[in-house]
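The values are calculated or read from the model by the stated rules, or taken from the named source; none is laboratory data. Keep in mind the model is a prediction, meaning the values are calculated, not measured. In this analysis, Cβ positions are derived from the backbone assuming ideal geometry, glycine residues included, and neighbour counts consider all displayed protein chains. Quick note on the areas: whole protein, heavy atoms, side chains included, nothing else; ligands and nucleic acids left out. Shrake-Rupley method; radii C 1.70, N 1.55, O 1.52, S 1.80 Å.
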Amino acid sequence: MPLPTAVSARRSGTSQTIVIKLGTSSILSSHTSQPKLSVLSGIVETCAALRAQGHRVVLVCSGAIGMGRLRMGIKEKPKSVGERQALAALGQLRLIALWDSLFGQVGISVAQVLLTRNDIADRPRYENARTTLATLLSTFDSIPIVNENDTVSVSELRFGDNDTLSAITAGIVDADYLFLCTDVDGLYTGNPNSDPQARRLGLVPSVAAARRAVSVDTPGSSFGTGGMATKLIAAELATAAGVATVIINGAHPAAMLSVVERGLPPLGDAAVDSLASSISSLGADELAQVGAPALEDPPHTLFLPISDPLARRKWSLLHALHPAGSLFIDEGAYRRLSRPDSGGRLLPAGVVGVEGTWERMQAVRIVLRRPASDSAAGASHAGTADDELPPPATLAQRGLSVFLRNEAGSGTSTPIHLAGDEPVHLVPAAAVLEGEARDKEEETTRWEWIEVGRGLANYNSIESERIKGIKSSQISATLGYADSDYIVDQLALLPTDGAA
Ligand SMILES: N[C@@H](CCC(=O)OP(=O)(O)O)C(=O)O
């Protein structure tokens, strides 16, 4: 089915697609817990004005749990998952009813879109969500209001925070702008309440540079799930998809009109270059340049879209589709994949292990297994609960158990944010593949596991397990059929720091 114009006519003329993310703190008062009606009305008026200028608007709105607490008169934060999910069910209804009534005053139809990661887990479902959103925007000229489907989402299929959800939504609808509304004026280098040197970043050409410039003590979204860390992740995801990302104070929604009217500075502009260096060097004089006068009114932080964004399919593969498992590859396979003529296809011969359960055409992680250098091994294991690898004699009896951990060591969840400076390390809790006989040398090798890319599986996980390590010419004899010579297609490699 051809895509409606909202998605296909990207950046044509002056009509833009604008995603606005509203956190709980933007819509509910932290003092009274009541809806900020004047702010909500301002958002409605701003959306109406943007649409009158020919733009399309998508809202990503938090607050279901907060509204549920308000409705049920619950003062404390809910502790159990069940309570949070039930309160979200009670509150989402109120939230959407409030928006429906406010937008109804200006004749705009709104549509509720509740998503879990599962809903965009594979290519067909991702395309389905894309078509639905595009149809809502174009055919029905409405404003989709997106939230996580908190009531049914289980931890491994959660987006986790609506900053990330909004960035993924922005990628799905090919947005031009993503506005992350919060309760401060932008991204600060420190906490302006306690640090007189703290500056608001104005124009940010590189999220990585901004990350180096910003201390962890930055304010923002103190009443919601996401803080500035999740906003930076969202900015990185969205700018990689070619979406200009703006952190702005949600208390003054009309400011978004000025930002869109002004447009983006020309890429490669000298001012942008000088700001790029000022942010990364952090000198006091240079920091004074951050927050250029052009961005003072209205105050905000603007992350420029990267000039050569990832192609849509590659972006969705790396950042939106939910990987159902992992294929572990050897260094030879990784070298072949890194060649420009690899065609993004992986032969079964280079696969040394399979983990997870998936069907054909689901996304899988491509994980490089290589002997750990001493320093890398030390870094990978620092601070882990399972610090010591099991002794070699027991390895063959243990099932493969790996968890993802980023450089900051922030836990065991699977991060979807993988385009940063550092590769994400898979830390082996037991560096052995289940049921696999290892020779002495293999058993004593300490492996390092690095996610290097993602791809779409041509064979399901059971088939993949059976054909791993064999030549393509043997697939037919092994499975009784051979639908493809390749175990994975459409493989996209992550940016690396020289993993091979
Ligand atoms: N989905 C949840 C909010 C999750 C979230 O990220 O909240 P916030 O940090 O306020 O944007 C809800 O509607 O309550």
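Here are some notes:
- Hey, L302 outside any loop (DSSP other than H, G, I, E, B) and modelled with pLDDT of 80 or more or not: yes
- The single condition among (1) in contact with a Pro (Cβ under 9 Å, 6 or more places away or on another chain); (2) surrounded by fewer than 22 Cβ atoms within 10 Å (Cβ to Cβ) that L28 does not meet is (2).
- With respect to (1) surrounded by 17 or more Cβ atoms within 10 Å (Cβ to Cβ); (2) under 30 Å from R262 (Cβ atoms), the lone exception for T14 is condition (1).
- Count of residues meeting criterion [open to solvent by 20 Å² or more (accessible area, probe 1.4 Å), among the hydrophobic types (A, V, I, L, M, F, W, C) and more than 13 Å from the ligand (Cβ to nearest atom)] in segment 150-195: 3
- Among residues of segment 31-53 being open to solvent by 40 Å² or more (accessible area, probe 1.4 Å) and under 29 Å from D176 (Cα atoms), the one that is nearest to the ligand (Cβ to nearest atom) is K36.
- Pairs linking a residue in segment 132-161 that is farther than 19 Å from D174 by Cβ and part of a loop (DSSP other than H, G, I, E, B) to a residue that is among the aromatic types (F, W, Y) and within 15 Å of the ligand (Cβ to nearest atom), with Cβ atoms under 9 Å and 6 or more positions apart or on different chains, are S153/F159.
- For segment 54-76, the set of residues classified as under 22 Å from L137 (Cβ atoms) and surrounded by fewer than 17 Cβ atoms within 10 Å (Cβ to Cβ) consists of G54 only.
- Every residue from segment 77-93 that is free of Cβ contacts under 8 Å to residues at least 40 places away in the same chain, closer than 18 Å to P144 by Cα and crowded, with 17+ Cβ neighbours inside 10 Å: G91
- Filter result for H319 (within 18 Å of the chain's Cα centre (by Cα) and either farther than 24 Å from E463 by Cα or open to solvent by 10 Å² or more (accessible area, probe 1.4 Å) (or both)): yes
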